[in-house]
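Taking it in order: structure first as structure tokens, then the write-up.
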Amino acid sequence: MAGGSVLVVGGTQGLGRELAQEYADAGRDVVVTGRERARAEAAAREIGGSTRGVGFDLAEPRTIADALADVADVEYLVLAAIERDTNSVREYDIEGALRLVTLKVVGYTEVVHALLPRLQDDSAILIFGGLARDRPYPGSTTVTTVNGAVTSLVRTLVIELAPTRVNALHPAIVGDSPQWRNMPEERHRALVSRTPIGRLVTMAEIVHASRFLLENQGINGLNLPVDGGWLCT
């Protein structure tokens, strides 16, 4: 289905936007989504090309199908939306936990469900998780849980959607991303010291890995960490 669109859910900022920009610069039809329609449309204008923006909140999954109703055939579907959540069992924020679980498990799955008629056998789906699934930290109770759920979601979607391919990417801290670019120097040194490649991974490397998972037709059911070797230390 050459010429299908690239849909990046969570494409208004961060890694999702960087990947959307990559495909737009290559002349692809790109759709980016964000929680607010105006922001998604503004991001689409900035990305340029034939990019357009769609607004919906993944944490309100009953709104997703209508919001995506006019999105045409999708070749690559990228689920990259993320919200930061600091939560612990001792001081448990139920509302925050419910929102993140709904967003990244129910919301992601509903996007796939809504788009099934517009996915083809040679379409590919990429889901963003994170290394908190393997490296918990204080306050990562919900984040670690949902990123573990992404791993399981990939496995079941591979079976349910066959032969459509489904993979996940689990990035470590990305040193030049907007979120981490201005981290305190002491923390940066500590993170680099535990990374075998001697530096943090970059946005360009995440984009390159994303394209590999989407475009290589032999790759299916893979949960790929992009971490510079963190999981080996």
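Residues of the stretch 195-233 with backbone nitrogen within less than 19 Å of a virtual label 7 Å along the Cα-to-Cβ line of Ala162, please, listed as ranges. Counting only backbone N, you get 217-223. Once you sort the root eigenvalues of the Cα gyration tensor of the stretch 1-100 as a ≥ b ≥ c, which label holds: rounded (a/c under 1.5), prolate (a/b larger than b/c) or oblate (the other case)? Because a/c hits 1.5 or more and a/b exceeds b/c, the stretch 1-100 counts as prolate. Charging the Cβ of each Asp and Glu at -1 and of each Lys and Arg at +1, and nothing else, the dipole of the stretch 5-232 about its Cα centre rounds to 540 debye. What is the stretch 5-232 by shape, rounded, prolate or oblate, if you read a ≥ b ≥ c off the alpha carbon gyration tensor as root eigenvalues and call it rounded for a/c under 1.5, prolate for a/b larger than b/c, and oblate otherwise? In terms of gyration-tensor shape, rounded.
When the Cα centres of the stretch 199-233 and the stretch 1-74 are compared, how far apart do they sit, in Å? Their Cα centres are 22 Å away from one another. Counting beta carbons within 10 Å around each of Asp134, Asp25 and listing the fewest first gives the order Asp25, Asp134.
Using C-alpha pairs under 8 Å with a sequence gap of at least 6, the mean separation divided by the residue count of the chain gives a relative contact order of 18 percent. Since only Tyr137, Leu79, Ala149 are under comparison, the one whose Cα sits farthest along the positive direction of the charge dipole of the stretch 5-232, derived from C-beta charges on Lys, Arg, Asp and Glu, is Tyr137. Over all other residues within a Cβ to Cβ distance under 9 Å of Ala149, the charged ones net out to +2, with Lys and Arg as +1 and Asp and Glu as -1.
For the peptides 72-81, 191-200, residues were scored by their other Cβ atoms within 10 Å and the scores averaged per peptide; the highest-first order is 72-81, 191-200. Residues Ile127, Ile94, ranked from the fewest to the most other C-beta atoms within 10 Å, line up as Ile94, Ile127. For the stretch 82-139, the share of alpha carbon pairs falling in successive 10 Å distance bins from zero is 17, 43, 25, 13, 2 percent. Footprinting exposure proxy ranking of Met183, Met203, fewest other C-beta atoms within 10 angstrom first, gives Met183, Met203. When only alpha carbons are used to place a centre, the stretch 154-180 and the stretch 77-121 end up 13 Å from one another. Here the extension length gained between Tyr137 and Leu116 equals 4.0 nm, from 0.36 nm per residue of separation less the Cα-Cα distance. Of the trypsin sites (Lys or Arg not before Pro) found in the stretch 77-175, those in coil by DSSP whose Cβ has at most 11 other Cβ atoms within 10 Å are Arg84, Arg90.
Every number in this text was worked out from the coordinates using simple rules, so none of it is lab data. Everything quoted here is computed from the prediction, not taken from an experiment. Here Cβ is always computed from backbone atoms with ideal geometry, including for glycine, and neighbour counts include all displayed protein chains.
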